[in-house]
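The values are calculated or read from the model by the stated rules, or taken from the named source; none is laboratory data. Computed from a prediction, not measured in an experiment: that's the story for all the values here. Every residue, glycine as well, gets a Cβ built from its backbone with ideal geometry; the counts of neighbours run over all protein chains shown.
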């Protein structure tokens, strides 16, 4: 699957490589990844950086740091190789790792094409185009255990693919600051009720 090369923020890199964003920053700080991009792009990462991320943490429990670095050197020497022998017993499927990264990178690109923020629509929250469905709400429902089918049944304007896109987009664009209030999302409180709690009598005290 061909994907146009791009620069990724640490959060986007984490979403695509499925590596924790904290680990992405750690890899940058410790120069585990090459970061061949220009210095003005700050902490941006390339597609090759994402491959290193995925492999570094993917074989972390199997190979030492020295062995993992040797693995990267072999990949650099044989960039078109489908597999690379990491040691006498371990062969790393580099082609498969590239395929997984390409699929998730394309999903992120697709998500960014169908998600937008419009002033005055749901308080400016990111929504799927031509809908008023907040993307973060869908991702949150999925994270809390709702199935894709349940979500689509509750939001007929969505497809199963859109639910998948909500997950990767939200991972790549984590919310900042405090949660938005309903009023800030464009929701209006229609009515309020005050519920009276029954008086509790403490019979042991004779009252």
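Assessment of segment 70-86 against the conditions (under 24 Å from residue 168 (Cβ atoms) and at pLDDT 90 or above) yields no matching residue. The listed residues are 132, 136, and the only one of them that is under 21 Å from residue 11 (Cα atoms) and either outside the structural domain of residue 14 (by TED's automatic domain parsing) or part of a loop (DSSP other than H, G, I, E, B) (or both) turns out to be 136. Among the residues of segment 37-60, those identified as over 18 Å from the mean Cα position of the chain (by Cα), outside any helix (DSSP H, G or I) and modelled with pLDDT under 85 are 37, 38, 42, 60. Does segment 117-129 include one or more residues that are assigned to a loop (DSSP other than H, G, I, E, B) and more than 25 Å from residue 11 (Cα to Cα)? Checked segment 117-129: at least one residue is assigned to a loop (DSSP other than H, G, I, E, B) and more than 25 Å from residue 11 (Cα to Cα). Scanning segment 113-125 for residues that are farther than 15 Å from residue 157 by Cβ and crowded, with 16+ Cβ neighbours inside 10 Å yields 123, 125.
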